[in-house]
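The values are calculated or read from the model by the stated rules, or taken from the named source; none is laboratory data. Here the structure is a predicted model, which is why all the values come from computation and not from measurement. Here Cβ is always computed from backbone atoms with ideal geometry, including for glycine, and neighbour counts include all displayed protein chains. Keep in mind that these areas ignore ligands, DNA and RNA; they rest on the heavy atoms of the full protein, side chains included. Shrake-Rupley method; radii C 1.70, N 1.55, O 1.52, S 1.80 Å.
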Amino acid sequence: MNKRTVYCDYAATAPLSTAARAAMEPYFAEWFGNPNSMYALANQSRRALDQARADVAAALNVQPSEVYFTSGGTEADNWAIKGAAAMTAHKGKHIIASPLEHHAVLHTLEYLQKEQGYDITYLSVDTNGQVALADIESALRDDTVLVTCMMANNEIGTILDVGAISALCRQRGVLFFTDAVQAVGHIPVDASQFDLLSLSGHKFGGPKGVGALIVRRGLRLPPLLHGGGQENNRRSGTENVPGVVGMAAALTDAVSRMDTENARLTALRDRLLAGALQIPYTQLTGDPVKRLPGLASIVINYIEGESMVLLLDSNGICGSSGSACSSGSLDPSHVLLAIGLPHEIAHGSLRLSLGDSTTDSDVDYILEKLPQVVGRLRDMSPLKPE
Ligand code: PLP
């Protein structure tokens, strides 16, 4: 019960921020009205929804009319890609994608390929996880209708230059979508540069099950969900008022503290990385410079990532490994393979993602426990170094 807990899995989800919790509270019971009803109680919900939309728009430098609330990042990713494909089917069926995308993007592309005959070109990336603009240029064809590339990777923390990719796509008249789920609330994001951008509340201190798709004004993206015509007829379903209010409050709060918090997190992350990389046979994954402030990711040779996560957990440390996906498969992550790591090395991946609660003393604690955990696993491993 009294065991120390060090939560280092902010890239999986962040705890609800104090600001979000306080903002949401009245909308569960006191102001529970359906924002689409006519009476005063409902007007309070409508005003809260409008304010939340204005706040999200301001944080991302877009107009409120370009913000569409969804049930999270997965829905926003599905909607962006399926909607863009439906909008442009008359023009062609070729899509260009980064190979590092989240499964919410990759599996949607796979669906389009299998069920609708789309041809998907997956770009190659360098060992830091960066995409070359020249590769996109040479992959573009007359029938290319969409390019999709995430803003920041969830496993290795690499930040990609999606502004330049978007500019190229605009020049060539091709739609560009960026999954910014790991970026929004963590690094400055100017969504006005993109045709479509997805975000998710629970990655920056908002509640789970709420997100948004930013749709550039003038883009007639068809709806994914049909029904009562909410969200300007684009995304039906009674609005999740507390969720949306919480997400907007969390985002406003995160953006207002971003400069100081990112300086703090970068220092903690770098100390954690420097210490962890002292363990023999380890290496950094992701871009050493252009990376998310709170995300430390490494591979540790001669051990299996899942066992490491379990042993760290027995020491109260919550981290994650890209070695197994949510389906329980033991295949190493597609991200680690795409950056060129061999299977056996990709199996030893560890991601520690830091956030609001992380302190210097947490980093000390991890740096005390991690070498012990690795030593124990290597002692038991048939693959241990000579
Ligand atoms: N895209 C990226 C890059 C993510 O990291 C995640 C969540 O892990 C998602 C999309 C899915 O978001 P959600 O959990 O809100 O469905």
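With respect to residue 252, determine if the residue is open to solvent by less than 20 Å² (accessible area, probe 1.4 Å), of a type outside the set (A, V, I, L, M) and at pLDDT 95 or above. No, not satisfied. Residues considered: 375, 328. Of these, the only one that is small (Gly, Ala, Ser) and modelled with pLDDT under 95 is 328. Confirm whether residue 227 is open to solvent by 40 Å² or more (accessible area, probe 1.4 Å), within 15 Å of residue 69 (Cβ to Cβ), assigned to a loop (DSSP other than H, G, I, E, B) and free of Cβ contacts under 8 Å to residues at least 40 places away in the same chain. Judged against the criteria, residue 227 is a match. Pairs meeting the criteria (first residue in the range 208-219 and in contact (Cβ under 8 Å) with a residue 60 or more places away in the chain, second residue near the ligand (Cβ under 8 Å from one of its atoms) and open to solvent by 40 Å² or more (accessible area, probe 1.4 Å), beta carbons under 9 Å, at least 6 apart or on different chains) are 209/71; 210/71; 211/71; 211/74. Residues in the range 66-77 include none that are surrounded by fewer than 17 Cβ atoms within 10 Å (Cβ to Cβ) and modelled with pLDDT of 95 or more. Does residue 4 satisfy the criteria of being more than 16 Å from the ligand (Cβ to nearest atom), in a loop (DSSP other than H, G, I, E, B) and of a type in the set (Lys, Arg)? Yes: the conditions hold for residue 4. Residues in the range 108-154 that are more than 16 Å from the ligand (Cβ to nearest atom), more than 18 Å from residue 166 (Cα to Cα) and either of a type outside the set (A, V, I, L, M) or touching a residue at least 40 places away in the same chain (Cβ under 8 Å) (or both): 113, 114, 115, 116, 117, 118, 119, 126, 127, 128.
Residue 20 - would you say it is within 16 Å of the ligand (Cβ to nearest atom), outside any loop (DSSP other than H, G, I, E, B) and at pLDDT 95 or above? Spelling it out, residue 20 is indeed within 16 Å of the ligand (Cβ to nearest atom), outside any loop (DSSP other than H, G, I, E, B) and at pLDDT 95 or above. Residues in the range 77-107 that are more than 25 Å from residue 133 (Cβ to Cβ), part of a helix (DSSP H, G or I) and either among the small types (Gly, Ala, Ser) or without any contact (Cβ under 8 Å) to a residue 40 or more places away in the chain (or both): 3 in all. Going by the conditions given, is residue 296 at pLDDT 95 or above and either part of a loop (DSSP other than H, G, I, E, B) or surrounded by fewer than 21 Cβ atoms within 10 Å (Cβ to Cβ) (or both)? No. Set side by side, the residues 97, 86 differ, and just one is over 15 Å from the mean Cα position of the chain (by Cα), small (Gly, Ala, Ser) and within 16 Å of the ligand (Cβ to nearest atom), which is 97.
Among the residues that make up the range 364-376, is at least one of them in contact with a Lys or Arg (Cβ under 6 Å, 6 or more places away or on another chain) and farther than 23 Å from residue 131 by Cα? No, the range 364-376 contains no residue that is in contact with a Lys or Arg (Cβ under 6 Å, 6 or more places away or on another chain) and farther than 23 Å from residue 131 by Cα.
Could you check the range 188-221 and list, in sequence order, the residues that are open to solvent by 40 Å² or more (accessible area, probe 1.4 Å) and either among the acidic types (Asp, Glu) or more than 10 Å from the ligand (Cβ to nearest atom) (or both)? Within the range 188-221, 188, 190, 192, 193, 216, 217, 218, 220 qualify.
Can you work out which of the residues in the range 45-60 that are under 19 Å from the mean Cα position of the chain (by Cα) and over 24 Å from residue 97 (Cα atoms) is nearest to the ligand (Cβ to nearest atom)?
Result: 56.
Residues in the range 34-49 include none that are open to solvent by 90 Å² or more (accessible area, probe 1.4 Å), in contact with a helix residue (DSSP H, G or I) (Cβ under 7 Å, 6 or more places away or on another chain) and touching a residue at least 24 places away in the same chain (Cβ under 8 Å).
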